[in-house]
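Q: Structure provided below as structure tokens; questions to follow.
The values are calculated or read from the model by the stated rules, or taken from the named source; none is laboratory data. Since we're looking at a predicted model, the values are computed, not measured. Cβ sites come from the backbone with ideal geometry, for glycine too, and all protein chains shown count toward neighbours. These area figures cover heavy atoms from the full protein model, side chains too; ligands, DNA and RNA do not enter into them. Shrake-Rupley method; radii C 1.70, N 1.55, O 1.52, S 1.80 Å.
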Amino acid sequence: VAEHEISEPTEFEGEIRVAARVIDFLSSGLYKNAAACMKELINNSYDADATEVTISVKPDADLIAIEDNGAGLTREQFVTHFSRVAESHKRDDGERTARGREKIGKIGIGFIAANELCDQMEIFSTCENSTEILHVNIDFGKIRDRSFSTRREQGGDVHKGDYHGEITHDADAADHYTKVYLKRIRETAIDSFVSEADLLGSPSPKSVYGLHESSVLDLLSDLDSWDQMDLYSQTRARIGLNVPVRYLAQWAPSELTSGLSPFTRRAFDTGFKVVYDGTELTKPIVLVQRRNRSLIRELSMEGEHIRVSGYLFASHGALKPKELNGVLIRIRDSAVGEYDATYLGYPQQINALFRGWVSGELYVDGALDEALNIDRQTLRDTHPAYVELRKWFLGELANFFKSVREEMYTQPAERRQQERVQAEKLSFSEITQRVKSAYGEAAASELAEAWDQPAAPQRGRPRRSDLSKSFSVNEIYEIALDVAQSVLSPESAAAYIAELTRRLRG
Ligand SMILES: Nc1ncnc2c1ncn2[C@@H]1O[C@H](COP(=O)(O)OP(=O)(O)O)[C@@H](O)[C@H]1O
Ligand SMILES: [Mg+2]
């Protein structure tokens with residue numbers, strides 16, 4: 001025992017390796033859905049300063065084309081990137097593009113997201129002031145099919161023969177573009193792009209295909225859920241939600257548009273247009289004011305780690321479509337996942353009624369990039385920038401819920417009660433008028449005085465003496481019977497009750 005007490009601790013150290021299996025996992029099934037993969041390609045066009053991207057999917061998604069008029073890609077850039085995926089060099093020369101856009105890409109795995117959609121990707125690209133055309137074919141099928149053992153030897157890196165490229169020299173020097181063609185679309189992805197059915201197979205789900213913008217607006221504002229649309233439209237909505245395209249014209253009630261104009265303008269000013277099967281892709285956000293009651297609040301914060309601007313919107317009653325309920329975080333101009341209905345973890349039991357009424361967006365600066373997980377869908381809760389964002393946001397939200405309660409719930413209820421009393425008073429004057437002509441001035445003024453009490457409601461509850469008080473059938477009979485017995489003869493009382501019954505039954 002004594003020996004134990006004086007012995008030195010044994011030290012050990014070692015190397016930690018990541019199994020090739022983990023790398024397989026990352027490249028084979030990282031994204032939540034087809035839309036999440038597509039948005040990576042569109043965001044790449046944005047980062048390449050494209051002003052227009054043309055996407056064609058219909059009729060049967062045999063081939064999906066993503067063609068942009070961006071800066072293009074050289075053979076060297078391509079080879080550098082694909083010789084070691086997951087290293088982005090995009091920000092080596094700064095955080096902004098030549099056009100001044102804040103770059104979205106950072107992690108260096110977006111290009112390869114296409115492998116979840118197709119077995120083959122073909123790229124044509126050329127840069128300005130060059131006659132070179134880069135033409136490559138990447139065989140994702142081949143990469144995926146290789147056995148784990150070969151992969152392990154190769155350390156999981158992409159190796160020779162996975163792509164084949166050629167350079168030709170017949171480009172116009174003024175041209176610049178990147179055209180990406182996804183071929184041999186995987187069985188698992190096809191439905192998301194072309195299906196005219198929804199997930200539940202309902203007979204005729206709604207579709208945005210080929211619709212004019214105003215019809216898209218009408219369609220979206222009428223939905224309980226995006227699930228009521230066909231899969232084609234759901235995918236479009238999810239892509240539009242994420243990428244830096246503009247908002248729909250009239251995406252919010254006109255009373256509120258001025259509060260939202262910084263965001264409308266911000267999205268418009270990126271000058272980035274995506275034409276998807278012939279119609280322009282927009283954000284699928286439509287804020288609908290229900291029962292004439294809504295509230296909007298602009299938010300902004302400059303913290304130690306992070307800068308944020310955004311808004312919160314509330315409408316009376318559960319927000320529709322439900323996909324917009326919660327808060328959407330955008331890092332720079334690209335969304336992280338979809339709306340978070342937990343509001344970054346706002347305590348469940350507090351303001352439970354109003355949680356379903358609210359939709360908001362937060363535009364955050366690049367500080368949150370570091371907190372982004374590689375699927376670009378989720379954030380790490382422990383990152384200091386996220387911690388700061390969350391703490392601030394929960395305070396703002398609590399405040400907003402308080403205003404929603406006061407301005408949209410309590411006050412309107414009181415106002416409605418007062419209006420009801422006013423209306424009753426008006427029709428009561430007709431009753432006193434009738435009493436006056438039948439039984440004289442004295443009877444009428446006695447009646448008017450009896451009911452002329454202050455009608456201030458107590459938190460929505462009518463007082464007994466209020467004209468707005470309502471009676472049940474039982475209560476009416478109780479009162480009428482008492483009165484009949486005390487002032488009428490039994491025969492008159494019987495006739496009176498019979499007539500009353502006839503009237504009450506209509
Ligand atoms: N549409 C495009 N136009 C020009 N270059 C592109 C395009 N798409 C991808 N690239 C190039 O390929 C690289 C890899 O893209 P990606 O895998 O999405 O990583 P990241 O966007 O994080 O850099 C980009 O950094 C860019 O150089
Ligand atoms: Mg990218």
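Q: If you add up the charges near SER215, with Lys and Arg at +1 and Asp and Glu at -1, over every other residue whose beta carbon is less than 12 angstrom from its beta carbon, what do you get?
A: Working: positive: LYS206; negative: GLU213, ASP218, ASP222.
Summing Lys/Arg as +1 and Asp/Glu as -1 gives -2.
Q: Measure nothing but the geometry: give the 0 to 90° angle between the long axis through the Cα atoms of 231-242 and the longest principal axis through the Cα atoms of the chain, rounded to 10°.
A: The answer is roughly 80 degrees.
Q: Restricting to DSSP H runs of at least four residues, report the calculated mean residue ellipticity at 222 nm for the chain, -39500 (n - 2.57) per run over all residues, nearest 500 deg cm²/dmol.
A: Working: 16 runs with 187 residues, N = 506.
Calculated from helices alone, the mean residue ellipticity at 222 nm is -11500 deg cm²/dmol.
Q: Just for the Cα atoms in the stretch 200-259, what are the lengths along the principal axes, largest first, rounded to whole Å?
A: 41, 23, 19
Q: Something else now. Kindly provide log₁₀ I(q)/I(0) values, in the same order as q = 0.13 Å⁻¹, from the Debye equation applied to equal alpha-carbon scatterers of the chain.
A: Log10 I(q)/I(0), no solvent term: -1.27.
Q: For LYS283, which sequence-distant residues (separation of 5 or more, or a different chain) have an amide H within less than 5 Å of its own amide H, given hydrogens modelled in the peptide plane?
A: ARG246, TYR247, LEU248
Q: With each label point set 7 Å from Cα along the Cα-Cβ vector, what nm distance links LEU211 and ASP227?
A: Using points 7 Å along Cα→Cβ, the separation is 1.9 nm.
Q: Within the stretch 234-265, find all residues whose amide N lies under 19 Å from a label point positioned 7 Å from the Cα of SER403 along Cα-to-beta-carbon.
A: In the stretch 234-265, the label zone of SER403 (backbone N under 19 Å from the point 7 Å along Cα→Cβ) covers 252-264.
Q: Please report, in debye to the nearest 20, how large the charge dipole of the chain is about its Cα centre when each Lys and Arg carries +1 at its beta carbon and each Asp and Glu carries -1 there.
A: Numbers: 62 positive and 80 negative charges, 370 e Å.
It works out to roughly 1780 debye.
Q: Going by average Cβ neighbours within 10 Å, how do the peptides 437-446, 68-77, 36-45 rank, with the highest at the top?
A: Working: 437-446: 11.8, 68-77: 19.3, 36-45: 24.2.
Top of the packing list down: 36-45, 68-77, 437-446.
Q: Note down the nm distance, to one decimal, between modelled labels 7 Å out along Cα→Cβ at HIS164 and at PHE268.
A: Reported label-point gap for HIS164 and PHE268 is 4.9 nm.
Q: If the chain between THR74 and ASN474 were fully stretched, how many nm would it gain, using 0.36 nm times the residue separation less the Cα-Cα distance? Could you put the intermediate results ahead of the total?
A: Numbers: separation 400, 0.36 × 400 = 144.00 nm, distance 8.66 nm.
135.3 nm is the gain from fully extending THR74 to ASN474.
Q: Using only the alpha carbons of the stretch 373-506, what is the convex hull's orientation-averaged projected area in square nanometres? Let's see the in-between values first.
A: On the way: hull surface 60.1 nm².
Its Cα hull, projected and averaged over all orientations, spans 15.0 nm².
Q: Still on this structure, I have one more. Would you mind pulling out the separation of the Cα centroids of the stretch 300-334 and the stretch 43-66, in Å?
A: 27 Å
Q: Measuring from the lowest to the highest alpha carbon on each principal axis, how far does the stretch 315-408 reach, largest first, in angstroms?
A: The Cα atoms of the stretch 315-408 stretch 38, 25, 20 Å along their principal axes.
Q: Okay, moving on. Given the Cα-Cα distance of ASN292 and LEU63 and 0.36 nm per residue of separation, how much length would full extension add, in nm?
A: Working: separation 229, 0.36 × 229 = 82.44 nm, distance 4.62 nm.
Length gained, ASN292 through LEU63: 77.8 nm.
Q: While we're on this one: List the residues, sorted by chain then number, that are 5 or more residues from LEU362 or on another chain and whose placed amide H is less than 5 Å from its amide H.
A: Here the answer is LEU328, ILE329, ARG330, since their amide H atoms fall under 5 Å of that of LEU362.
Q: Just the accessible area per residue of the chain, please: how many Å² with a 1.4 Å probe?
A: Working: 27370 Å² over 506 residues.
Per-residue accessible area for the chain comes out at 54 Å².
Q: Note down the net charge around ASP381, summing +1 for each Lys or Arg and -1 for each Asp or Glu among other residues with Cβ under 14 Å from its Cβ. All intermediate terms of the calculation are to be shown ahead of the outcome.
A: Numbers: positive: ARG380, ARG390, LYS391; negative: ASP340, GLU370, GLU388.
Neighbourhood net charge equals 0.
Q: Starting with the highest mean, order 290-299, 240-249 by the number of other Cβ atoms within 10 Å, averaged over the residues of each peptide. Write out the running numbers ahead of the final one.
A: Details: 290-299: 15.9, 240-249: 22.4.
Ranking the peptides 290-299, 240-249 by packing returns 240-249, 290-299.
Q: At a Förster distance of 35 Å, what's the computed FRET efficiency of ARG505 paired with GLN418, Cβ-Cβ distance as r, to 0.05?
A: Plugging the Cβ-Cβ distance into 1/(1 + (r/R0)^6) gives 0.60.
Q: For a test of the definition: using alpha carbon positions, the gyration tensor, and the 1.5 limit on a/c, classify the stretch 25-84 as rounded, prolate or oblate.
A: On the way: a/c = 1.82, a/b = 1.08, b/c = 1.69.
Here the stretch 25-84 falls in the oblate category.
Q: Next question, about the same structure. Cα axis of helix 257-269 to longest principal axis of the chain: angle in degrees, 0 to 90, nearest 10?
A: Approximately 10 degrees, to the nearest ten.
Q: Still on this structure: What's the angle, to the nearest 10 degrees (0 to 90), between helix 411-439's Cα axis and the longest principal axis of the chain?
A: That works out to roughly 20 degrees.
Q: So, counting K/R as plus one and D/E as minus one, what does the shell of residues with Cβ under 9 Å around SER315 add up to? Please report the intermediate quantities before stating the final value.
A: On the way: positive: ARG290, ARG291, ARG293, LYS320; negative: none.
Here the charged neighbours net out to +4.
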